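The values are calculated or read from the model by the stated rules, or taken from the named source; none is laboratory data. These numbers come from a predicted model, not from an experiment. Here the Cβ positions follow ideal geometry from the backbone for every residue, glycine too, while neighbour counts run over all protein chains shown.
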Amino acid sequence: MMTTIRMQPTDSGSDSERQIVELVVKRYDSRKDALVQILREVQAETHWLSRKVLHLVAAAVGLTPARVEGVASFYHFFHLQPVGRYHFLWSDNVIDRMLGSRMLARELCRLLHIVPGKPRQAAPASLDFTSCTGLGDQGPAVLLNQHQVLTRLDELRVVEIAELVHARVPIEEWPGEWQRVDDQLRRPDVLLASPAAQGEALRATLARGAEATLDEIVISRLRGRGGAGFSTATKWRACLHSPCPAHGGRVVVCNADEGEPGTFKDRVLLTRQADAVFEGMTVAARVIGATEGLVYLRGEYRYMLETLQSVLEQRRRDQLLGRQILGVDGFNFDLDIHVGAGAYVCGEESALIESLEGKRGTPRIRPPFPVERGYLDRPTVVNNVETFCAVTRIAQRGGAWWSAIGTAQSSGTKIHSVSGDCARPGIYEYPFGVSIAQILEDCGANSGAHHAQAVQVGGPSGLCLATDEFERCIGFEDVPTAGAFMVFDETRDMFETARGFAHFFAHESCGFCTPCRVGTELVVRRMDKLAKGHGSIFDETELRELESLLHGTTHCGLGATATNPLRDTLARFRPAYEQRLKSPTFTPGFDLDAELAAARRVTGRDDADAHLVWQE
């Protein structure tokens with residue numbers, strides 16, 4: 001969401017702030033493209049980014065203050081106003097709401113005497129909401145100072161948290177159990193059940209040769225696992241044949257910014273199969289001739305950073321990264337990890353590249369595509385975590401092995417993040433072609449008193465399916481998915497589910513194009529109007545027109561899919577809307593007469609002529 005910044009004069013900042021900025025900027029060699037990382041690390045020390053601090057950063061990296069403030073204002077995790085030393089970001093994913101997150105957040109606010117989104121001066125704590133923390137299988141969940149995570153919150157734990165805050169107990173001394181993140185691996189298959197990748201795929205790639213390895217990727221029919229399903233081999237070949245500029249060669253980027261609400265498979269892959277992810281990136285580097293790689297890690301996964309860096313260090317010691325990999329002259333490739341700052345749109349590959357370059361994460365106009373001119377105008381391959389994991393196994397076992405798994409149009413396996421109304425939330429890996437019904441049975445969605453009435457496949461931007469569609473199958477030819485699998489039983493109001501998703505898309509719009517910036521907000525206002533009991537048949541017409549408009553006119557995929565939940569729930573769960581669209585005539589969204597109450601008080605009038613009566 002865009003924020004307008006007015007420039008004001010500023011002084012040079014305190015000595016401690018200056019020292020912090022100088023130290024962080026020096027760590028990044030004063031690189032302008034590292035601006036997002038610099039701001040993130042500075043804020044970790046200063047707790048918020050004052051105008052003084054922003055101006056210090058601008059001077060240190062050689063950018064204008066307006067440019068730096070513009071970047072800082074784009075990302076939700078950067079604080080341009082003071083926050084408490086204990087800053088709680090509550091996951092506002094619909095699944096967390098179903099688990100009572102909103103009620104628990106209100107109780108914590110009451111105990112700490114704070115208001116969401118409004119830090120109180122000198123208060124030790126502050127609280128706000130974020131779209132999703134990637135912990136939907138063990139919520140309600142909270143990010144604490146955007147570094148630690150708190151899982152499985154309940155009323156007792158909220159009371160205990162408030163007591164620790166009041167006592168000013170350092171976070172490092174809080175119970176470790178509160179920060180436990182379980183993998184909840186329910187059904188592993190060829191990706192998640194494989195042993196750690198310790199160079200086997202690289203040795204196979206070297207023995208086979210770069211061109212022959214690319215041929216194996218062709219044979220495998222591997223398609224990107226981020227949702228779009230683009231051919232991996234086609235993308236790599238296009239990058240390989242794109243000329244490099246004088247200032248640098250090709251780049252491999254791993255998109256680990258799984259910001260789609262309800263998705264957490266990459267979190268588990270990075271926990272259990274980090275070596276396979278990094279090895280897949282190194283295989284890609286050998287194929288396209290890249291020497292540099294970047295992992296874009298979503299800001300909500302900041303707590304994983306040190307562990308991932310230790311894996312990278314071990315791979316360097318084992319000659320699996322760095323110079324002369326496995327002793328081969330000229331095989332030089334290394335990785336760095338870039339941590340995001342809370343922007344859903346950065347899951348789109350060109351917006352991600354903009355963020356890697358230290359800019360606002362606004363999707364680029366294409367062409368040129370990233371394989372032609374990507375990171376710093378260099379040919380760049382961007383694939384997601386699961387795709388690189390698959391690359392490692394294909395390099396080891398061959399393309400024909402992978403192609404034999406799944407269906408004719410969708411080869412291999414797919415990992416699903418299952419959450420919501422089910423007995424066994426967690427991670428499930430299946431060959432493509434598995435039915436929705438099979439996943440529901442395995443996760444226990446129909447084993448208790450309640451049964452599934454809907455499944456949101458692929459997150460808010462995916463498909464919402466009803467019971468008569470549960471025999472449909474996961475695959476690019478039927479039900480494609482980026483990995484989210486959210487279950488809703490018959491007690492859930494699907495209108496409210498769609499309204500929650502509408503708020504999410506309006507909040508996450510980057511604001512670049514008018515249809516998305518304005519259209520998502522208009523959808524929210526119309527849905528809120530219905531929720532308040534002011535609905536009429538005219539509102540349905542308006543919602544359908546907005547849905548059509550956004551699908552055909554937005555700049556990137558976020559806007560184009562923003563009304564998918566509205567479209568699907570209108571078609572499949574119409575009674576949830578009909579009960580809110582009872583009026584046959586237009587109904588205003590607010591009480592017109594009530595709006596005149598203040599004027600009546602000022603004038604001392606309360607006669608009939610001082611009231612407004614709505615006439616059809």
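Report, ordered by the first and then the second residue, all pairs with beta carbons closer than 7 Å, sequence separation of six or more or different chains, a first member in the stretch 34-59 that is on the phi > 0 side of the Ramachandran plot, and a second member that is in a loop (DSSP other than H, G, I, E, B).
47/83; 47/85
Scan the stretch 51-84 residue by residue and report those that are in a loop (DSSP other than H, G, I, E, B) and aromatic (Phe, Trp, Tyr).
We begin by selecting, within the stretch 51-84, every residue in a loop (DSSP other than H, G, I, E, B); these are 62-64, 75-84.
Residues satisfying the conditions are 75, 77, 78.
So is residue 146 in contact (Cβ under 8 Å) with a residue 24 or more places away in the chain, in a loop (DSSP other than H, G, I, E, B) and within 22 Å of residue 257 (Cβ to Cβ) or not?
Details: in contact (Cβ under 8 Å) with a residue 24 or more places away in the chain: yes; in a loop (DSSP other than H, G, I, E, B): yes; within 22 Å of residue 257 (Cβ to Cβ): yes.
Yes.
Being touching a Leu at 6+ places or on another chain (Cβ under 7 Å) and either assigned to a loop (DSSP other than H, G, I, E, B) or of a type in the set (S, T, N, Q) (or both) is the filter; apply it to the stretch 444-471 and report the residue that is farthest from residue 259 (Cα to Cα).
Only one residue tops the list, namely 446.
Yes or no: the stretch 324-337 includes at least one residue that is charged (D, E, K, R), part of a helix (DSSP H, G or I) and out of contact with any Gly (no Cβ under 8 Å at 6 or more places or on another chain).
Taking every residue of the stretch 324-337 in turn, none turns out to be charged (D, E, K, R), part of a helix (DSSP H, G or I) and out of contact with any Gly (no Cβ under 8 Å at 6 or more places or on another chain).
Working only within the stretch 489-526, note down all residues that are within 26 Å of residue 362 (Cβ to Cβ) and among the aliphatic types (A, V, I, L, M).
502, 506, 518, 522, 523, 524
Could you pull out the residue among 517, 525 that is surrounded by fewer than 24 Cβ atoms within 10 Å (Cβ to Cβ), modelled with pLDDT under 90 and among the charged types (D, E, K, R)?
517
Within the bounds of the stretch 289-310, is there any residue that is β-branched (Val, Ile, Thr) and closer than 23 Å to residue 239 by Cα?
Yes: one or more hits.
Of these, 549, 543, 522, which one is touching a Pro at 6+ places or on another chain (Cβ under 8 Å), part of a helix (DSSP H, G or I) and free of Cβ contacts under 8 Å to residues at least 40 places away in the same chain?
Unique residue meeting the criteria: 549.
Would you confirm whether or not the stretch 2-22 contains a residue that is modelled with pLDDT of 95 or more, closer than 13 Å to residue 146 by Cβ and either surrounded by fewer than 20 Cβ atoms within 10 Å (Cβ to Cβ) or in contact with a strand residue (DSSP E or B) (Cβ under 9 Å, 6 or more places away or on another chain) (or both)?
No, the stretch 2-22 contains no residue that is modelled with pLDDT of 95 or more, closer than 13 Å to residue 146 by Cβ and either surrounded by fewer than 20 Cβ atoms within 10 Å (Cβ to Cβ) or in contact with a strand residue (DSSP E or B) (Cβ under 9 Å, 6 or more places away or on another chain) (or both).
Kindly check whether there is at least one residue in the stretch 399-409 that is closer than 16 Å to residue 263 by Cα and either within 24 Å of the chain's Cα centre (by Cα) or outside the structural domain of residue 264 (by TED's automatic domain parsing) (or both).
Scanning the stretch 399-409 turns up no residue that is closer than 16 Å to residue 263 by Cα and either within 24 Å of the chain's Cα centre (by Cα) or outside the structural domain of residue 264 (by TED's automatic domain parsing) (or both).
Could you say which residue among 300, 313 is assigned to a helix (DSSP H, G or I), out of contact with any helix residue (DSSP H, G or I) (no Cβ under 8 Å at 6 or more places or on another chain) and surrounded by fewer than 15 Cβ atoms within 10 Å (Cβ to Cβ)?
From the options 300, 313, the qualifying one is 313.
Check the stretch 165-184 and report whether any residue there is among the acidic types (Asp, Glu), surrounded by 13 or more Cβ atoms within 10 Å (Cβ to Cβ) and either touching a strand residue (DSSP E or B) at 6+ places or on another chain (Cβ under 7 Å) or not in a strand (DSSP E or B) (or both).
yes
Residue 414 versus (1) among the charged types (D, E, K, R); (2) within 25 Å of the chain's Cα centre (by Cα); (3) closer than 30 Å to residue 512 by Cα: which is the lone unmet condition?
(3)
Mind counting the residues in the stretch 472-496 that are assigned to a strand (DSSP E or B) and either hydroxyl-bearing (Ser, Thr, Tyr) or surrounded by fewer than 18 Cβ atoms within 10 Å (Cβ to Cβ) (or both)?
Total meeting the criteria: 1.
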